[in-house]
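K.L.:
Just passing along the structure, written as structure tokens.
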Amino acid sequence: MIKLLQKSALITLTLCGLVVFQSAYGQTNVPAKADNTYSLEECIKIALETNPQVKQSELQVERDNNIHAQSRWQRWPSLSFNAAQGFNSGRNIDPFTNQFVQQNISQNQFQLGSSVILFSGFQLKNTVKRNEINVQASQKDLDAARNDIMLNVALSYLQVISNEELIMVAQRQVDASVLQVDRTAKLVEAGTLAESNVLDLRAQLANDELTLVNAQNNLETAKLNLKQLMNMPGSEEINLVKIPVADPNLTAYDATIQQIYETAMGNLPQMKAAELRIEAAKRNTEIIRGAAMPTLSLNGGINTAFSSVAPKERFVSDGTTGQTTVVTSATDYIIVNDQQLPIVQTVTTPGGSLRHFGYLDQLNFNRNSSVNLSLRIPIFTNFQVRYNVANAKLQQRTTEYQAQQVQLTIRKNVEQSYIDMTNAAKRYSATANQVRALTEAFRVAQVRFDVGAINSVEYNIAKANLDRANGNLIQTKYDYVFRTKILDFYMNRPLSDF
């Protein structure tokens with residue numbers, strides 16, 4: 001966490017006043033360029049498109065989004081359909097008549113059910129909110145991962161630019177030494193100067209050439225680091241668009257450490273992610289506490305069944321007026337005055353007809369529905385809820401301490417960056433004064449050497465001192481600009497002026 005904060009704090013260099021980054025992901029191969037020349041914005045874009053760490057953070061955001069969306073659907077009723085096929089033989093219960101039968105039975109059962117939770121101690125509500133907060137925290141983690149990659153790319157980009165300037169300085173030193181060697185050699189041939197002078201100058205030329213080679217090697221190393229961050233082959237040649245960096249004016253920074261710190265607290269994604277995780281931990285505690293509250297749910301369903309032993313024909317009334325018929329019984333009678341009289345009954349037959357009772361007809365006839373309201377009240381759960389809540393509170397305190405650590409790290413980085421900027425300004429100012437003094441000293445030494453007032457050793461010393469000072473001036477210049485832009489990033493300022 002601390003290392004990530006320190007790196008993210010330096011993200012200012014990723015922009016360098018030119019980058020306004022637009023998200024463009026999904027590409028894993030580095031796009032080819034005809035001239036192999038890349039700007040800082042293009043380098044950052046390529047690195048973000050091809051970096052596995054950023055891709056993993058993006059997948060985490062998608063996973064948390066899915067979890068959040070699914071938790072929102074938990075508030076809706078569920079719907080399920082069940083079907084069963086059974087075969088029974090021997091003595092069974094007919095599912096159509098619920099009577100015992102002694103025959104083989106083939107049966108089907110179908111059920112369509114739905115259930116919805118009406119109240120569960122606000123667990124569903126708090127779960128949705130917690131998952132929403134987790135999505136926001138994951139997005140902040142993604143921003144931090146992007147910042148980390150952008151920082152490394154920008155740092156390597158800046159190293160390439162500074163090494164190119166050092167090569168230019170080293171090349172000028174070599175050119176000046178070559179001219180001096182040629183001039184002195186002619187004077188030696190004319191007998192004006194001793195041969196030791198040209199030998200000393202040739203030795204100085206060799207030192208300058210070594211300095212140039214070292215600068216070129218440093219440039220290749222810096223380019224290799226940049227290409228690796230961009231997932232490019234090390235053998236591929238690249239050129240960078242040079243960023244014009246003006247000489248620092250060394251004016252005092254217009255914000256105090258406290259102002260920079262307060263602004264950084266509101267801008268850095270690490271701080272926002274830590275705060276969001278505290279809120280998510282609070283919601284998680286409420287979710288666990290809701291398990292001790294009653295749960296009210298509503299259930300409903302539609303059921304039907306089919307039996308192979310059900311009668312295949314049934315009399316179905318059509319709703320019309322029935323017929324009345326007088327029927328004389330052939331077997332039932334009464335005796336009146338020793339005379340046997342048959343019983344006469346009036347039978348009313350409803351209107352309708354005998355109809356075939358098929359598969360679908362039986363399913364429709366056996367259809368039934370139900371609605372249930374269920375209440376569950378936890379009375380004793382072996383103290384599971386109690387200890388789960390206690391552990392959730394401990395986790396909440398852990399996230400609070402983590403946020404405090406992030407806050408302390410931000411303050412530490414701001415204070416350190418401010419001191420580094422102040423020290424860099426002092427170094428640049430002292431180096432600039434040194435260059436001016438050594439430039440004048442070398443000018444005088446050049447004149448004196450030309451007239452033979454000093455030997456080549458003294459001349460080489462004056463030149464070497466100036467060469468080192470010029471190299472130091474470039475390094476301190478970029479160091480000061482770098483430290484200043486860190487503070488600009490903390491202040492959330494545009495970084496277009498160099």
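The values are calculated or read from the model by the stated rules, or taken from the named source; none is laboratory data. Source: prediction; values computed, not measured. Using ideal geometry, Cβ is built from the backbone for each residue, glycine included, and neighbour counts are taken over all protein chains shown. Note: accessible area is taken over every heavy atom of the protein model, side chains too, but ligands, DNA and RNA are not part of it. Shrake-Rupley method; radii C 1.70, N 1.55, O 1.52, S 1.80 Å.
K.L.:
Just the residues that are open to solvent by 60 Å² or more (accessible area, probe 1.4 Å) and either over 32 Å from the mean Cα position of the chain (by Cα) or without any contact (Cβ under 8 Å) to a residue 12 or more places away in the chain (or both), please, taken from the range 238-247. Outline the logic, then answer.
P.N.:
Step one: of the range 238-247, the residues open to solvent by 60 Å² or more (accessible area, probe 1.4 Å) are 239, 241-242, 244, 247.
If the condition is that a residue be open to solvent by 60 Å² or more (accessible area, probe 1.4 Å) and either over 32 Å from the mean Cα position of the chain (by Cα) or without any contact (Cβ under 8 Å) to a residue 12 or more places away in the chain (or both), then PRO244, ASP247 are the ones that fit.
Okay, residues lined up against (1) farther than 30 Å from MET293 by Cβ; (2) touching a helix residue (DSSP H, G or I) at 6+ places or on another chain (Cβ under 6 Å):
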residue: SER106; (1), (2): yes, no
residue: PHE110; (1), (2): yes, no
residue: GLY113; (1), (2): no, no
residue: PHE119; (1), (2): no, no
residue: GLN159; (1), (2): yes, yes
residue: VAL169; (1), (2): yes, yes
residue: ARG172; (1), (2): yes, no
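K.L.:
Considering each of ASP332, ASP338 in turn, give the residue that is free of Cβ contacts under 8 Å to residues at least 40 places away in the same chain, in contact with a strand residue (DSSP E or B) (Cβ under 8 Å, 6 or more places away or on another chain) and of a type in the set (D, E, K, R). Write out each step before concluding.
P.N.:
Numbers: ASP338 fails: in contact with a strand residue (DSSP E or B) (Cβ under 8 Å, 6 or more places away or on another chain).
Sole residue among the options that is free of Cβ contacts under 8 Å to residues at least 40 places away in the same chain, in contact with a strand residue (DSSP E or B) (Cβ under 8 Å, 6 or more places away or on another chain) and of a type in the set (D, E, K, R): ASP332.
K.L.:
Closer than 30 Å to THR285 by Cα and open to solvent by less than 90 Å² (accessible area, probe 1.4 Å) - does that describe any residue in the range 359-378? Spell out how you get there, then give the answer.
P.N.:
Just the residues of the range 359-378 that are closer than 30 Å to THR285 by Cα, to begin with: 373-378.
This time we only want the ones that are open to solvent by less than 90 Å² (accessible area, probe 1.4 Å), so: 374, 378.
Yes, some residue in the range 359-378 is closer than 30 Å to THR285 by Cα and open to solvent by less than 90 Å² (accessible area, probe 1.4 Å).
This table checks each residue for (1) in contact with a Lys or Arg (Cβ under 9 Å, 6 or more places away or on another chain); (2) under 22 Å from ALA273 (Cα atoms).
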| site | (1), (2) |
| --- | --- |
| PRO378 | no, no |
| PHE383 | no, no |
| ALA390 | no, no |
| GLN404 | no, yes |
| GLN407 | no, yes |
| ILE410 | no, yes |
| ALA430 | no, no |
| ASP450 | yes, no |
| LYS463 | no, no |
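K.L.:
Outside any helix (DSSP H, G or I), at negative phi and without any contact (Cβ under 8 Å) to a residue 40 or more places away in the chain: which single residue out of ALA441, ALA453, ALA430 fits that description? Steps first, answer last, please.
P.N.:
Numbers: ALA441 fails: outside any helix (DSSP H, G or I); ALA430 fails: outside any helix (DSSP H, G or I).
Exactly one of ALA441, ALA453, ALA430 is outside any helix (DSSP H, G or I), at negative phi and without any contact (Cβ under 8 Å) to a residue 40 or more places away in the chain, namely ALA453.
K.L.:
Can you name the residue in the range 218-267 that is touching a Cys at 6+ places or on another chain (Cβ under 8 Å) and part of a loop (DSSP other than H, G, I, E, B) and is also farthest from TYR490 (Cα to Cα) among such residues?
P.N.:
The extreme case among them is MET230.
K.L.:
In this structure, does SER114 turn out to be in contact with a Ser or Thr (Cβ under 8 Å, 6 or more places away or on another chain), over 26 Å from ARG376 (Cα atoms) and either in contact (Cβ under 8 Å) with a residue 40 or more places away in the chain or in a strand (DSSP E or B) (or both)?
P.N.:
On the way: in contact with a Ser or Thr (Cβ under 8 Å, 6 or more places away or on another chain): yes; over 26 Å from ARG376 (Cα atoms): no; either in contact (Cβ under 8 Å) with a residue 40 or more places away in the chain or in a strand (DSSP E or B) (or both): yes.
So SER114 does not fit the description; no.
K.L.:
For THR192, all conditions in the list (1) more than 30 Å from LYS477 (Cβ to Cβ); (2) in contact with a Gly (Cβ under 9 Å, 6 or more places away or on another chain); (3) buried (at least 18 other Cβ atoms within 10 Å of the Cβ) hold save one; what is the number of the exception?
P.N.:
Only one criterion is unmet by THR192, namely (3).
K.L.:
Only one residue in VAL326, VAL344 is aliphatic (A, V, I, L, M) and either loosely packed, with under 10 Cβ neighbours inside 10 Å or at pLDDT 80 or above (or both), so which one is that? Talk me through it step by step, then tell me what you get.
P.N.:
Working: VAL344 fails: either loosely packed, with under 10 Cβ neighbours inside 10 Å or at pLDDT 80 or above (or both).
Unique residue meeting the criteria: VAL326.
K.L.:
What pairs come up if the first residue lies in the range 248-272 and is at positive phi, the second is crowded, with 19+ Cβ neighbours inside 10 Å and outside any loop (DSSP other than H, G, I, E, B), and their beta carbons are under 9 Å apart, counting only those six or more places apart or on different chains?
P.N.:
LEU250/ALA425; LEU250/TYR428; LEU250/TYR480
K.L.:
Would the range 126-145 turn up any residue that is open to solvent by 50 Å² or more (accessible area, probe 1.4 Å), more than 30 Å from ASN65 (Cβ to Cβ) and either of a type in the set (D, E, K, R) or part of a helix (DSSP H, G or I) (or both)?
P.N.:
There is no residue in the range 126-145 that is open to solvent by 50 Å² or more (accessible area, probe 1.4 Å), more than 30 Å from ASN65 (Cβ to Cβ) and either of a type in the set (D, E, K, R) or part of a helix (DSSP H, G or I) (or both).
K.L.:
Among the numbered criteria (1) open to solvent by 80 Å² or more (accessible area, probe 1.4 Å); (2) at pLDDT below 90; (3) within 23 Å of the chain's Cα centre (by Cα), which single criterion is violated by ASN267?
P.N.:
Among (1) open to solvent by 80 Å² or more (accessible area, probe 1.4 Å); (2) at pLDDT below 90; (3) within 23 Å of the chain's Cα centre (by Cα), ASN267 violates only (1).
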